[in-house]
Amino acid sequence: MKMKMFFLALFTASVAAAMPSRSPTEFEGSASQRIEKAIAGAVADGTRRVTIPQRDPLSADGVWRLDRAIVLPSGVSLILESPVLELKAGVADDVIRNASCGADCESDKAFEVLGVRFKKAVLRGGRTGLNIGNADGYVVSNLEFQDVAGCAVVVDKTKNGKISNMMVAASGQPSGSPCVLVTKENESVKVEYIIAYAKGDVVKDCSGKAKIGEIVNLHESPALEDRPVPALVPAPRSIRKTPGAYRAPAPYVTRDWIEFERDPTMRAEAYRLSVTTGGVKVAASDVRGELHAMATLRQLGEEKTFYRNCDFYTGGDIGRPLVIPCCEIEDHPRYPWRGILIDEGRHFFGKETIKHVLRQMSAHKLNVLHWHLTEDQGWRIEIDAYPDLIKYGAVRPCSPVHFARGDEFNGDVYGPFYYTKDDIREIVAYADALGIEVVPEIEFPGHIRAALAAYPEFSCAGEKLPRVPRCTWGIESDVLCVGNEEALKFVEKVLDEVVGLFPGEFVHIGGDECPTARWKKCPKCRAKAQSLGIKPEKLQGYVTARFAEYLGKKGKKIIGWDEILECDIPEGARVMSWRGRNGGLKAVKQRRPFVMCPSSHCYFNRTDGNPEDPFTPRNTHQVVSLEKVYSFDPARGLEGDAEKYLLGSQACFWSEVIWNRYDLDWRMWPRSCALAEVLWTGSTKKDFGEFVERLQQHRRRLVMQGVNAAPIYCENTNIKIGGAKK
Ligand code: ACM
Ligand code: ZN
C-alpha cells in the first residue's frame, strides 16, 4: 500500500501563479508563516497538496528561508519544486517536523540545509535526501530516509556538526550512486548511528571506517553489555538465557536482519528463536510462526515504535538500534483460536482504531478478529446490491444517555457510520500482514433491526415497520421474516458480497437472542413452519441449516452463538459458547468444534472490579477481574478427548457503553494480556503473582505505545498499578 503520509511545506502553485496580482494577505509574514497558511488552505479546500515553487517570490535571491517549526498534517502531500531551502541555524529547535517529500516528490533534493537542527522527520523520495553544505554547528538527528534514489546524505565542507540516529531505508538506488553518506573536506563532524537497513545499501564516509549494512559510528561505540530478559507477555513456553546480547542493525524488528528457516516438521504457528551475539535466527513452519517470533523480538529488544512495515509509523523518536539479550526460545500456542470480538453496531470505531487493535493483537499473538458488523442499532458494512442498508441502517436518530438507568435518550444523530468495501479490504489485508484472520459477523435472523430499517419488507410486520434502527439497547422483537423467501434471498445476496470480501475460513452468522413472537403470529412464517413440519419457534434451525449449506458450497464454515444448538446443528458448523460453558459441552455431544467464551470470564465490556474506576459501569454481580481472566481454563469440564473440539476463546467487547478507542483500550488492556497468556501459554504458567510482576513492566510498554490501558487492579491482593485515563 502506498503510504501517503507527511508533509512539509509550502506555497500552493496557484498562489505562485497569482503572484503579479498580489492579494495583501497572501504575501504577509515570513516564509514559514506563508507556508503554514498555504498548508491550512490546502487542508481547508480539500486538495491536501502544497507546492513549494522554485523561488520564494518575496526574497531578493529567491531562497526560501524558514525561521520556525512547521508541522505538516497527516495526509497532506508535498511537491517540492525548490532545490534550495535554507533553514537558519539555531532559530528553532526543530524547524520542520514530520517533514517528507512524499511519493509525489519531484525534486532532486529533499532539502538543502545550511545549518539546521532537524528532529523527528522522515524524508522520502528525491535523488538526494539531505545536503548539508558550508554549515557550522549543525545538528541533524532522528531523521529517516526512504526511497532516496541517490545519496541519502551529503555532507560537504562543514564544521562542528553532529549527525546521529539516522535511518536509511533506501530502495531502488540506481547503480553508480549507492552511497548513503558522503563527507568531504569537513572538520569535526561527529557521526554516529547511521543505519542502512535495506540489503545492498552502501555506507561510505571520508575516513572509510564504515561497513556495508552496519551501524556507522565514527567515534567509540558504547560497549555492549549483557542484559536480562525483559517481561514477555504472553510468556513463551520455554526460554533459556544465554550469555551476551546482540545489537541489531536497526531500531525496528524487520525481516531484513533475521535469518529465517522453514521447518515443516514444526506445528502450526510454532517458532524457534535463537539470539546470539552474532545474529538472530528463526525457524517456523509457517508465516504466523515467523510473525510470533518477531513479536517476541520486539518485546526482547524493547522496540519503541513498532510495525513500521505495516503502514504504521508514529513519527516519534527513531531511537537507537535494538539490543536483544541472547536467548533460545521454543514456543507454540495452546489453541488455534485466540480472538477479540469488537461490536461495531452499538458504537462504531473506524479504521484507525481497528488497526490499532490489530497491532496490539498481533503483539500479544492473538490471531482472530471477530468483527461484529451488523446489529439492531447499526449496519456497518457497505453492500452494493442493497445501498439502503447504509443509507438507513448506518444512522441512528438517538441513543441512550451514557450510563443512564432506564429509557433516557439523547437526541444526537449517530452516523452515518460504516465501512466501505475498500475500507474492509484494507483492514483484511492489514490483519493478514499481522497474521490475523478477520471473521465477519452478519447477524440473523435476530439482531437485524438496522437492516429492516432499510428493507422493512423483510420483517414480519412488512412496510409499516419504522425506517430507523433501534435506539435503545437490549433485544429487538422484530426479526427477519423467515417465511418470506425474498427475505432469505436478501441474506444470500448479502453473504455473497461478504464472502467476496473476507478470504478467511469462517463466517459468523450470529444466531443469538432471536425472539420468536413475530414468527408465531406471521402468516408467512406459520405457513413455512407447517410446510417443514415444525413449530414456528423452531424456524431458526431451518435458517441455520440452510445457510450452513449455502456458505458451505462457497467454501466457508459457519460459526454461530450457542443458541444455534437449540436445534440440531449442521455438519461443518462451529459454536460459540457464551451463556456459560454448557454450549461448549453440548457442542461436544454433537461433535462440533466450538469456541469457549462464557460471558462470566470473557465479556470485558464488564467491569474489572476496580471500585475507583469511574469509566466502566459497575455491576458488582458481573465482575470480570484480571485474576478471574488469568484463572480461566477454557477446557474445564471437558472429559476424555473432548478438548480436541475446543478451538480456543476470545475476549468480547460489546459496545453499548464503549464509545471510542480510549474506552475500548481501557477495557481491553491489561485484561487481554491475561487471556492471551491463557490461550497461548496455557497452564504451564499459572502463577498470578509472577504474571502481575511481568505485567507491571509490560503495561508501561503498552502505555508508551499509545495504548490507553487501565490500571492493573487485583481484587483479592489489592494490587493497583497504573495511571489515569485520557
Ligand atoms: C451475546 O452476547 N448476545 C452473544
Ligand atoms: Zn414472518
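Each residue, E463 and E352, gets one label point 7 Å from its Cα in the Cβ direction; the gap between the two is 4.4 nm. Remark: spin-label model distance R55-A385 equals 6.4 nm, labels positioned 7 Å along the Cα→Cβ axis. Full extension of the chain segment joining Q530 with K281 gains 83.2 nm, where the gain is 0.36 nm per residue of separation less the Cα-Cα distance. The alpha carbon radius of gyration of segment 618-673, expressed as a multiple of 2.2 N^0.38 Å, is 1.42.
Applying the criteria of a DSSP loop state and at most 14 other Cβ atoms within 10 Å to the GluC sites (Glu not before Pro) of segment 408-499 yields E408. For segment 394-496, the set of trypsin sites (Lys or Arg not before Pro) satisfying both a DSSP loop assignment and a count of at most 16 other C-beta atoms within 10 Å is given as R405, R467.
Counting beta carbons within 10 Å around each of I475, I559, I442 and listing the fewest first gives the order I475, I442, I559. Phi angles across segment 277-284 convert, under the Karplus curve 6.51 cos²θ - 1.76 cosθ + 1.60 with θ = phi - 60°, into 3J(HN,Hα) values of 5, x, x, 10, 10, 10, 10, 7 Hz, Gly and Pro given as x. Residues whose amide H falls under 5 Å from that of Y414, counting only those 5 or more places apart or on a different chain, are R396, C398, with hydrogens built in the peptide plane.
A cut-off of 5 Å between modelled amide H atoms, ignoring neighbours fewer than 5 places along the same chain, links F409 with V401. Taking amide H atoms as placed 1.01 Å from N in the peptide plane, the amide H of Y419 lies under 5 Å from those of I381, E382, each 5 or more residues away in sequence or on another chain.
No lab work stands behind these numbers, since they all come straight from the coordinates. As the structure is a prediction and not an experimental result, all values here were calculated from the model. A quick note on method: Cβ atoms are made from the backbone with ideal geometry, for glycine too, and the neighbour counts reach across all protein chains shown.
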